[in-house]
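Note sheet for the following structure.
The values are calculated or read from the model by the stated rules, or taken from the named source; none is laboratory data. On a predicted model such as this, the values are computed, not experimentally measured, just so you know. Cβ sites come from the backbone with ideal geometry, for glycine too, and all protein chains shown count toward neighbours. Calculation scope for accessible area: heavy atoms of the full protein, side chains included, ligands and nucleic acids excluded. Shrake-Rupley method; radii C 1.70, N 1.55, O 1.52, S 1.80 Å.
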Amino acid sequence: MPVPALAGPPGLALRGRGTGAAVPRPPAAPGGSGRRTGLPRPPRISGARRLFEQARRAWDRPLTAYYVILGSSMLITVLGLVMVYSASIIKALELSLPATYFFRKQFLAAAIGAGLLLLASRMPLKLHRALSYPLLMGAVFLMVLVQVPGIGHSVNGNQNWLYLGGPFQLQPSEFGKLALILWGADLLARKQDKRLLTQWKHMLVPLVPVAFLLLGLIMLGGDMGTAIILTAILFGLLWLAGAPTRLFAGVLAVAGLVGLVLIRTNENRMSRLFCVGAIDLGPKGECWQAVHGIYALASGGWFGSGLGASVEKWGQLPEPHTDFIFAIAGEELGLAGTLSVLALFAALGYAGIRVAGRTEDPFVRYAAGGVTTWITAQAVVNIGAVLGLLPIAGVPLPLFSYGGSALLPTMFAVGLLIAFAREDPAAKAALAMRRPGVRWKTMRRRVKKRPSGER
């Protein structure tokens, strides 16, 4: 016997296939368009928001810091080699040297530094901590040796060089920065494990006296620029150790007072201070370097005059391949080139902060924070001097300027950051999955065995 249709409002009865059951459906939209209004629509995401979310997810991946540190440091080094070659040709010819003289020395230092970077990135943390004390004692010994008459040599008025024979020379104070970071990180980590950092005397002693010893040896040679960077490293370590505001402000006040006295008692340093923001050469030409650095940046425009086409390096700008290489980069590569360099340093610094902030190991946190403070502070001091915002301190741009003594310890420090990024547990797991053998075995475990008759 046929089943009569169920009565109901029109549009709400839908017979099931093979049954008489009525299946409700959402009402049609007004106007007879046939659209269903009962189902909620997913929210639309704008293009900018979508890109932001994708970038945030990419940055949160375990290996992001590892690749950012490695990639940005290598790009800075390679670009620095190109600019050293371009900026040093005229200087080499002035000294009756081959045009590639400074480039070949920098390339050799970069090759050795790459080996040091690889070594540091593969060394276990225990070995890094064990090397901190010998490195500190070796740096102090060499810095004392610099002050011995007949052994140490003066360059541009600073007594901080040791000649190794032939064209090679060494600046021990650059290695003193690395030594202070490793030794200070190991010291603070051991004190934190013993819960001693809650007492101010354990936070300051012996870290501050040893740092003042290094600062005193540096200032005996007259190198205030390196002393500023070493002071920044000391403040970075104290900040990471959780120094209270009063203690931190006290050390900062003492350091500022000593720096002011050293500046007021030296005519050369006073003239550098007065040249901040200068737009003319001065009555005696004391602001020559600062003003010509601005000229170089201003003449670069948006995209520069091209590699090798700088005018200021033809005897107008002193130290075009060392302290003021950023000005030559601005003249030849323009605003686009200088912003690219700034972006690479910003990425390197931010990745270092991420490594220091995500670790549970106190030694890794202090060492990574110290290295990041060193590189970023030195970059800020160098670029700020070129831009006329800070006094000329005579420090090189890390990984970029000419100078093997500065390049070698800096590349070793970058290797430390890479090693610390690899020590993260999530990064270790991700790196293990990328090994061919591990990936093949993992894939074999994940594939279910099919029945013999299934195709």
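Put simply, of A139, A111 the only residue that is closer than 16 Å to P409 by Cα and surrounded by 21 or more Cβ atoms within 10 Å (Cβ to Cβ) is A139. No other residue among P124, P134, P167, P149 is free of Cβ contacts under 8 Å to residues at least 12 places away in the same chain and farther than 30 Å from F363 by Cα apart from P149.
Among the residues of the range 72-80, not a single one is farther than 29 Å from T372 by Cβ and touching a residue at least 40 places away in the same chain (Cβ under 8 Å). Only residues that are of a type outside the set (V, I, T), out of contact with any strand residue (DSSP E or B) (no Cβ under 7 Å at 6 or more places or on another chain) and either open to solvent by less than 50 Å² (accessible area, probe 1.4 Å) or farther than 24 Å from E174 by Cβ (or both) were counted in the range 207-231, giving 11. What residue, of L344, L348, L389, is out of contact with any helix residue (DSSP H, G or I) (no Cβ under 8 Å at 6 or more places or on another chain), over 19 Å from L230 (Cβ atoms) and not polar (S, T, N, Q)? Only one candidate passes the filter, namely L389.
The C-beta contact set for the range 331-342 (first residue among the polar types (S, T, N, Q), second residue surrounded by 21 or more Cβ atoms within 10 Å (Cβ to Cβ) and assigned to a helix (DSSP H, G or I), distance under 8 angstrom, 6+ apart or interchain) comprises T338/L297; T338/F326; T338/A329; T338/G330; S340/L333. Screening P244 on (1) surrounded by fewer than 15 Cβ atoms within 10 Å (Cβ to Cβ); (2) farther than 30 Å from M203 by Cα shows it passes everything except condition (2).
Against the test of being surrounded by 22 or more Cβ atoms within 10 Å (Cβ to Cβ) and touching a residue at least 40 places away in the same chain (Cβ under 8 Å), the options L204, L273, L234 yield a single qualifying residue, L234. Checked against (1) in contact (Cβ under 8 Å) with a residue 24 or more places away in the chain; (2) assigned to a helix (DSSP H, G or I); (3) under 22 Å from V381 (Cα atoms), V254 passes all but condition (1). The condition (being within 20 Å of S132 (Cβ to Cβ), of a type in the set (S, T, N, Q) and surrounded by fewer than 20 Cβ atoms within 10 Å (Cβ to Cβ)) is satisfied by just one residue among Q169, Q192, Q199, Q159: Q192. Could you check, for the range 104-123, whether at least one of its residues is within 18 Å of G221 (Cβ to Cβ) and assigned to a helix (DSSP H, G or I)? No; the residues of the range 104-123 include none that is within 18 Å of G221 (Cβ to Cβ) and assigned to a helix (DSSP H, G or I). The requirement of being over 15 Å from the mean Cα position of the chain (by Cα), modelled with pLDDT under 95 and in a helix (DSSP H, G or I) is not satisfied by A421. So, S132, is that one closer than 28 Å to R190 by Cβ and among the polar types (S, T, N, Q) or not? So S132 fits the description; yes. Of A413, A427, A385, all but one fail to be surrounded by fewer than 23 Cβ atoms within 10 Å (Cβ to Cβ) and either modelled with pLDDT under 95 or not acidic (D, E) (or both); the exception is A427. All conditions in (1) assigned to a loop (DSSP other than H, G, I, E, B); (2) crowded, with 24+ Cβ neighbours inside 10 Å hold for A393, with the sole exception of (2).
Out of V144, V84, one residue alone is assigned to a helix (DSSP H, G or I) and open to solvent by less than 40 Å² (accessible area, probe 1.4 Å). It is V84.
In the condition set (1) open to solvent by 40 Å² or more (accessible area, probe 1.4 Å); (2) of a type in the set (S, T, Y); (3) part of a helix (DSSP H, G or I); (4) farther than 27 Å from M411 by Cα, Y350 is compliant with all but (4). Residues of the range 170-193 that are among the hydrophobic types (A, V, I, L, M, F, W, C) and either within 20 Å of D223 (Cβ to Cβ) or touching a residue at least 60 places away in the same chain (Cβ under 8 Å) (or both): L170, F175, L178, A179, L180, I181, L182, A185, L188, A189. Kindly indicate whether any position in the range 303-325 is open to solvent by less than 10 Å² (accessible area, probe 1.4 Å), within 25 Å of F175 (Cα to Cα), among the aliphatic types (A, V, I, L, M) and part of a helix (DSSP H, G or I). Scanning the range 303-325 turns up at least one residue that is open to solvent by less than 10 Å² (accessible area, probe 1.4 Å), within 25 Å of F175 (Cα to Cα), among the aliphatic types (A, V, I, L, M) and part of a helix (DSSP H, G or I). Within the range 257-267, the residues that satisfy the criterion of being exposed (fewer than 12 other Cβ atoms within 10 Å of the Cβ) and of a type outside the set (S, T, Y) are L257, L260, V261, R264, E267.
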